[in-house]
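Below is a structure I'd like to ask you about.
The values are calculated or read from the model by the stated rules, or taken from the named source; none is laboratory data. This one's a predicted model, so the numbers in the text were calculated from it and none came from an experiment. So basically every Cβ, Gly included, is an ideal-geometry build from the backbone, and we count neighbours across all protein chains shown.
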Amino acid sequence: MADNSQDKTEQPTPKKLLDARKKGQVAKSRDLSSAIVLMAVVGALYLSAKSAADSMERYLLWYFSNCLAFEVPDRHLPWVFLDSLYEIAVIFLPLFVIAIVLAVLGNVMQTGFLLAPESIKPKLERLNPIEGFKKIFSLTSLFELAKTILKVIVVGVVSYLVAIKYVPQMLMIFYKNPTQEMLEIMDIIIIVGAAGGGAYLLLAVADFYYQRFDFYKRMRMSKQEIKDEHKQSEGDPQIKGWLRRRQREVAMNRIRQEVPRATVVVTNPIHYSVALKYEEGVNSAPLLVAKGAGDIALKMKEIAAKSGVPVIENPPLARTIFQQVDIGREIPAELYQSVAEVLAMVLRIKKKETV
């Protein structure tokens, strides 16, 4: 049965959040980054207003004092215009740098360092005009439009109410010297910018928390999705159970085949059992043909007893062989002495049985 939005009552798992992050899906407010940049630029403009006004005054005085003396061909006028723009840009370059740096930091503060190449991969469905119209006229798009209109109204009203108070002062600046004009204009810009930017920042903070709420709401999962994710991450319990049963069957089949042909079974006595095979002139060293722990170890002892294979209790040797030697491998040289003692014991037992 398919899940619907009402079934998704569980919080998203770390894996789902990580997968979404790889796709570039994170809780982020574009308005918050813009508001931070705006307020920072207003602050930088406040700190540098005097020096910027002085630089503008010097440039404008130089320009208007010399522009009539220049004999510039018409074809060179665009270069003169670009040169003027360059001079003005240099004056306000620190503001541009601050805006760029804080635009990056504003995003990093919200999402951390995020690189999501998958989000910029071309997708054919993005070229589908029908899907595009659906997105444009969706409830989400209409809600975003309503938010944008609200922000424009609030910021516009606040900025207007502050700016209207300075209209008489703006009308009087024409009677002042250039430096005073520049300073007063910049002061008014700073005050209006701070008022409008402050209102924008408050709305942006509210939008940030809404975006977080909406993101985690969209990321919610149903209980079935969590179970499916767990199966993918940890493996299907049914498959794992089947694999364990299959491994046990393989181990038991090997034990039934190898233990009756073994020379001796060394036990812990109940935790481990190892079956060794040694034929003089055939094997250069005793060979481990089977091993088991727990129930399998007890089963090995039972099969050995039925098959007439000697069972020797030697806990240290059984544990060491079980942990260090793989099935089908020869016993390492450092265990020769201990295994030789066991084989000698087996030989004595067989001699007694033949007497």
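Take the conditions farther than 29 Å from Gly196 by Cα, modelled with pLDDT under 70 and either outside any helix (DSSP H, G or I) or charged (D, E, K, R) (or both) and apply them to Val80. Does it pass?
Working: farther than 29 Å from Gly196 by Cα: yes; modelled with pLDDT under 70: yes; either outside any helix (DSSP H, G or I) or charged (D, E, K, R) (or both): no.
Against the criterion (farther than 29 Å from Gly196 by Cα, modelled with pLDDT under 70 and either outside any helix (DSSP H, G or I) or charged (D, E, K, R) (or both)), Val80 does not qualify.
Still on this model: Go through (1) of a type outside the set (D, E, K, R); (2) modelled with pLDDT under 60; (3) surrounded by 10 or more Cβ atoms within 10 Å (Cβ to Cβ) one by one and return the number of the condition Tyr166 breaks.
(2)
Taking the condition of a type in the set (D, E, K, R) and either out of contact with any Ser or Thr (no Cβ under 6 Å at 6 or more places or on another chain) or not assigned by TED's automatic domain parsing to the domain that holds Ala262 (or both), does Glu302 pass?
Working: of a type in the set (D, E, K, R): yes; either out of contact with any Ser or Thr (no Cβ under 6 Å at 6 or more places or on another chain) or not assigned by TED's automatic domain parsing to the domain that holds Ala262 (or both): yes.
Yes: the conditions hold for Glu302.
Being of a type outside the set (Val, Ile, Thr) and modelled with pLDDT under 80 is the requirement here; does Arg244 meet it?
Working: of a type outside the set (Val, Ile, Thr): yes; modelled with pLDDT under 80: yes.
When the stated conditions are applied, Arg244 passes them.
Just need a number here: residues in the range 323-340 that are closer than 14 Å to Lys277 by Cα, assigned to a helix (DSSP H, G or I) and not aliphatic (A, V, I, L, M).
The total comes to 1.
Sort through Pro316, Pro310, Pro269, Pro286 and tell me the only one that's on the phi < 0 side of the Ramachandran plot and either surrounded by fewer than 16 Cβ atoms within 10 Å (Cβ to Cβ) or without any contact (Cβ under 8 Å) to a residue 40 or more places away in the chain (or both).
Details: Pro310 fails: either surrounded by fewer than 16 Cβ atoms within 10 Å (Cβ to Cβ) or without any contact (Cβ under 8 Å) to a residue 40 or more places away in the chain (or both); Pro269 fails: either surrounded by fewer than 16 Cβ atoms within 10 Å (Cβ to Cβ) or without any contact (Cβ under 8 Å) to a residue 40 or more places away in the chain (or both); Pro286 fails: either surrounded by fewer than 16 Cβ atoms within 10 Å (Cβ to Cβ) or without any contact (Cβ under 8 Å) to a residue 40 or more places away in the chain (or both).
Unique residue meeting the criteria: Pro316.
Can you name the residue in the range 209-239 that is at pLDDT 75 or above and in a loop (DSSP other than H, G, I, E, B) and is also surrounded by the fewest Cβ atoms within 10 Å (Cβ to Cβ) among such residues?
Arg220
Considering each residue of the range 8-35, count those that are under 29 Å from Tyr200 (Cα atoms), basic (Lys, Arg) and not in a loop (DSSP other than H, G, I, E, B), and give that number.
Count: 2.
Restricting attention to the range 240-253, does a residue exist that is surrounded by 13 or more Cβ atoms within 10 Å (Cβ to Cβ), assigned to a strand (DSSP E or B) and touching a residue at least 40 places away in the same chain (Cβ under 8 Å)? Show your work before the answer.
The initial filter retains those residues of the range 240-253 that are surrounded by 13 or more Cβ atoms within 10 Å (Cβ to Cβ), namely 248, 251-252.
Next cut, assigned to a strand (DSSP E or B) only: none.
Scanning the range 240-253, I find no residue that is surrounded by 13 or more Cβ atoms within 10 Å (Cβ to Cβ), assigned to a strand (DSSP E or B) and touching a residue at least 40 places away in the same chain (Cβ under 8 Å), so the answer is no.
Go through (1) within 30 Å of Ser51 (Cβ to Cβ); (2) out of contact with any Gly (no Cβ under 8 Å at 6 or more places or on another chain); (3) surrounded by 12 or more Cβ atoms within 10 Å (Cβ to Cβ) one by one and return the number of the condition Ser159 breaks.
(2)
Counting only residues that are of a type in the set (Val, Ile, Thr) and in a strand (DSSP E or B), how many does the range 299-322 have?
2
With (1) touching a residue at least 40 places away in the same chain (Cβ under 8 Å); (2) small (Gly, Ala, Ser); (3) in a loop (DSSP other than H, G, I, E, B) as the list, and Gly281 as the residue in question, which single condition is left unmet?
Unmet condition: (1).
Could you tell me whether Ile296 is surrounded by 13 or more Cβ atoms within 10 Å (Cβ to Cβ), on the phi < 0 side of the Ramachandran plot, part of a helix (DSSP H, G or I) and of a type in the set (A, V, I, L, M)? Break it down stepwise before answering.
On the way: surrounded by 13 or more Cβ atoms within 10 Å (Cβ to Cβ): yes; on the phi < 0 side of the Ramachandran plot: yes; part of a helix (DSSP H, G or I): yes; of a type in the set (A, V, I, L, M): yes.
Taking the combined requirement at face value, the residue satisfies it.
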